[in-house]
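Below is one structure, written out as structure tokens, with a few remarks after it.
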Amino acid sequence: MARGLGRYAAWLIIAILVFITLFPLFWTLLSAFKNRVDIVTTSPVFFFTPTLDNFIYVLTRDSVQAGLMNSLIITGSAVLIGAVLGLPCAYAVARYPMAMADDIKFFVLSMRFMPPVAIAVPLMVIWLNLGLYDSKIALIITYSLSTLATTVWLGIPAFARVPREIEEAAYVDGYGPYSIFFRIAIPVAAKSLIGAIVFSFILVWNEFFIALMLTTSDAKTLPIVASEFTLLGRDVPWGILNASVILLSLPPLLFLGVISGFINSTLKSRD
């Protein structure tokens, strides 16, 4: 009896936590389709006539289109650089014993410890002196530091879980180090590596403070453009803000779906 009550209590707590987590997302989605009068009312409105005006306003602005293109180019390039450089580094640390392996892990993790304000000002001075301030290349290089650290840190345990017996068997069959890495280690650790790449994508896609400090107009990313909607007037345009939040959240979800489908189809073709 007591065990059954404890189980129901645990499920009740989980349900409450799930509700607390998902309800703000649901309310944001709901408000994105509301007119302003339905949002600012004193009592919550669940039944209303939906409108697409908020999305149309956001999508037809030139600044949003430019910010979306900048975000896609900058984030995509940074994630690609982080994966190309970070995965081999993570594999080397996980597979080949070295005296400084722990120091490398701590250094990589320490790059995630630093608050953005600690690196934003020095980077701003560096890019100003190099004439690259407010440019895509400056943000790509800056974000690549974050994606590289994230990919290495999450990639090390992913490669460490790959059974050594598989690699040794491949080596006996005549596979070289590069063939083992690309044809054995990466496919076996693919699911964990997907998580590392997607996590690094989400981090830099949603990054705000560094982009705010390193851009003024030409290289503005979508989070910066979305934040400027609060400056449209004295009254906060909640419908437009909610629509911009929904649109800002779609690319990471689409990226996750595309890369997961690609990896799954690749693994199935190998079976």
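Each value in this text was obtained by applying a stated rule to the coordinates, not by laboratory testing. All values reported here derive from a predicted model rather than from experimental measurement. So basically every Cβ, Gly included, is an ideal-geometry build from the backbone, and we count neighbours across all protein chains shown.
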Checklist entry - From the residues Ala149, Ile73, Tyr8, which one has its Cα farthest along the dipole of the chain in the positive direction, the dipole being from +1 and -1 charges on Cβ of Lys/Arg and Asp/Glu about the Cα centre? => result Tyr8
Checklist entry - Pick from Asn129, Asn70, Asn206: which residue has the top mean-square fluctuation in a GNM of the chain where Cα pairs under 10 Å get a spring? => result Asn129
Next on the checklist: Given Cβ point charges of +1 (Lys, Arg) and -1 (Asp, Glu) and nothing else, what value in debye, to the nearest 20, does the dipole of the stretch 61-270 about its Cα centre take?
Outcome noted: 340 debye
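Nearest 500 deg cm²/dmol is fine: what mean residue ellipticity at 222 nm does the chain get from its DSSP H runs of n ≥ 4 alone, each adding -39,500 (n - 2.57), divided by its residue count?
Taken over the chain, the calculation gives -24500 deg cm²/dmol.
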Next on the checklist: As I understand it, the value is the acute angle between the Cα axis of helix 2-32 and the longest principal axis of the Cα atoms of the chain; what does it come to in degrees, rounded to 10?
Outcome noted: 60 degrees
Checklist outcome for this item: For the stretch 9-100 (alpha-carbon point model, no solvent) the Debye-based log₁₀ I(q)/I(0) at q = 0.10, 0.15, 0.17 Å⁻¹ works out to -0.62, -0.87, -0.91
Item to check | Rounded tilt (10° steps) of 101-113 against the dominant C-alpha axis of the chain | outcome: 10 degrees
Checklist entry - Which angle from 0 to 90°, rounded to the nearest 10, does the C-alpha axis of helix 136-160 make with the longest principal axis of the chain? => result 50 degrees
Checklist outcome for this item: Dimensionless Rg/Rh of the stretch 147-215, both radii on Cα and Rh by Kirkwood, sits at 1.18
Checklist entry - Just from the alpha-carbon atoms, what are the Rg and Dmax of the chain in angstroms? => result 23.0, 72
